[in-house]
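In what follows, a single structure is set out as structure tokens and then discussed.
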Amino acid sequence: MINSSILKSEERFSFALRSLYSRFGYGRYKMNKFEEYDLYVRNKDFLISDGVITFTDTNGKLLALKPDVTLSIIKNTKDVKGFVQKLYYDEHVYRISKDSHSFREIAQTGLECIGDIGVTDICEVIYLSLMSLQSISESYILDLSHAGLMTALFDCIGLSKEDKSKVVSLINEKNYDAVISFGDEVSALAKALMTARRDTDIIRNAAEPYFDNEEVKKNFSEFEEIYQCLCSLGMKEKINIDFSIVSDISYYSGTLFKGYVEGIPSSVLSGGQYDGLMRKMGKSSGAVGFAVYLDMLERFGKEEKEYDYDTVVIVSEKTPPEKVIKTVSDLSSKGERVIALKSVSDSVRYKNIVRIREGENND
């Protein structure tokens with residue numbers, strides 16, 4: 001049995017998440033610590049951090065300590081019609097930390113569903129993202145959006161590629177005042193996309209005038225179906241519709257989501273449907289997944305211990321080793337944290353003290 005008190009926060013969460021994903025039939029994906037640097041250069045816009053640690057292999061090939069897991073999974077996945085691969089991972093990535101702004105080894109757990117995916121697969125992945133947040137804290141929220149719907153709507157209006165990118169960036173920044181400069185039609189859509197919260201009718205009313213466009217109608221129907229599915233699973237109060245989380249529409253084609261827990265200002269979970277990335281990497285399959293950033297949880301839920309040890313066992317030079325070990329073993333078998341010392345300083349915090357003197361019983 002594992003004593004959970006000795007585990008770091010990220011280790012406890014990692015065990016819980018792996019157990020969750022395994023129960024839903026996801027298999028473990030294990031990768032090397034490094035990949036060819038070219039893989040990350042070609043897809044640098046997909047990476048959370050621009051920084052990549054590189055080194056030259058013995059054969060002269062430039063390699064990189066992995067800053068991301070998803071790219072490696074896609075690279076090693078084959079397109080098979082009618083087949084879906086469900087994988088989870090528990091890896092360390094090497095990139096610039098949001099907190100320290102320096103390179104760190106960061107624990108990351110997540111999953112990917114790749115292949116001939118449909119709405120059911122997408123709903124399952126988002127449901128698992130909600131369950132992942134719940135395993136961290138009861139106070140959580142998931143922001144939900146749809147990159148395909150946003151793209152189709154702005155295409156209908158006739159925004160240029162450059163203007164569309166600017167508007168999406170402004171929505172991502174929640175800068176509605178700046179969006180107004182693009183005209184009434186754009187600002188009306190932007191307002192609906194940014195303020196729907198838990199009301200899909202707001203999105204429907206904004207999108208309905210463009211339903212003669214098949215992409216708009218199809219993407220809205222998919223988004224609504226996914227949202228209603230999650231609501232029927234009792235998740236409505238944990239989901240917030242917010243299209244401001246769409247920041248890069250070149251990789252993402254469908255649903256996007258970010259997860260937050262109370263007490264941490266940044267998102268601890270991020271995911272979505274990234275068919276655009278699959279196409280860029282020469283794959284015809286669909287894909288949806290997410291990652292939980294365990295580095296954000298290092299101090300989360302960590303309780304300050306009142307004592308360093310439950311019991312300190314004081315021994316002398318003449319105390320038989322077997323007696324010391326047996327005493328510590330007997331006490332620790334009850335679930336206590338026990339340490340044997342010759343003396344104890346004032347800085348050591350403990351509940352009980354036991355002294356072993358030669359020829360005497362323990363007191």
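A few points about this structure:
- Residues that are outside any loop (DSSP other than H, G, I, E, B) and hydrophobic (A, V, I, L, M, F, W, C) within the stretch 29-55 comprise 34, 39, 41, 46, 55, listed in sequence order.
- When 208, 173, 138 are screened for being loosely packed, with under 15 Cβ neighbours inside 10 Å and modelled with pLDDT under 90, only 173 passes.
- Restricting the stretch 176-197 to residues that are surrounded by 14 or more Cβ atoms within 10 Å (Cβ to Cβ) and touching a residue at least 24 places away in the same chain (Cβ under 8 Å), the residue that is farthest from the chain's Cα centre (by Cα): 185
- Any hit, the stretch 83-93, residues being surrounded by 19 or more Cβ atoms within 10 Å (Cβ to Cβ), out of contact with any Cys (no Cβ under 9 Å at 6 or more places or on another chain) and without any contact (Cβ under 8 Å) to a residue 60 or more places away in the chain: yes
- Residue within the stretch 68-83 that is within 19 Å of residue 267 (Cα to Cα) and not charged (D, E, K, R) present: yes
- When residue 109 is tested against (1) assigned to a helix (DSSP H, G or I); (2) surrounded by 21 or more Cβ atoms within 10 Å (Cβ to Cβ); (3) under 29 Å from the mean Cα position of the chain (by Cα), just one condition goes unmet, and that condition is (1).
- Filter pass, residue 244 being surrounded by fewer than 17 Cβ atoms within 10 Å (Cβ to Cβ) and either assigned to a loop (DSSP other than H, G, I, E, B) or modelled with pLDDT under 90 (or both): no
- Restricting 252, 260 to those that are buried (at least 23 other Cβ atoms within 10 Å of the Cβ) and not hydrophobic (A, V, I, L, M, F, W, C) reduces the list to 252.
- Of residues in the stretch 270-289 being surrounded by fewer than 24 Cβ atoms within 10 Å (Cβ to Cβ) and in a strand (DSSP E or B), the one farthest from the chain's Cα centre (by Cα): 286
- Residue 33 within 24 Å of residue 102 (Cα to Cα) and in the same structural domain as residue 274 (by TED's automatic domain parsing): yes
- When the stretch 56-96 is filtered for residues that are outside any strand (DSSP E or B) and among the basic types (Lys, Arg), the ones remaining, listed by number, are 61, 66, 75, 78, 81.
The values are calculated or read from the model by the stated rules, or taken from the named source; none is laboratory data. Predicted, not measured: the structure shown is a model, and the values here were computed from it. Reconstructed Cβ throughout: ideal geometry from the backbone, glycine too, with neighbour counts over all protein chains shown.
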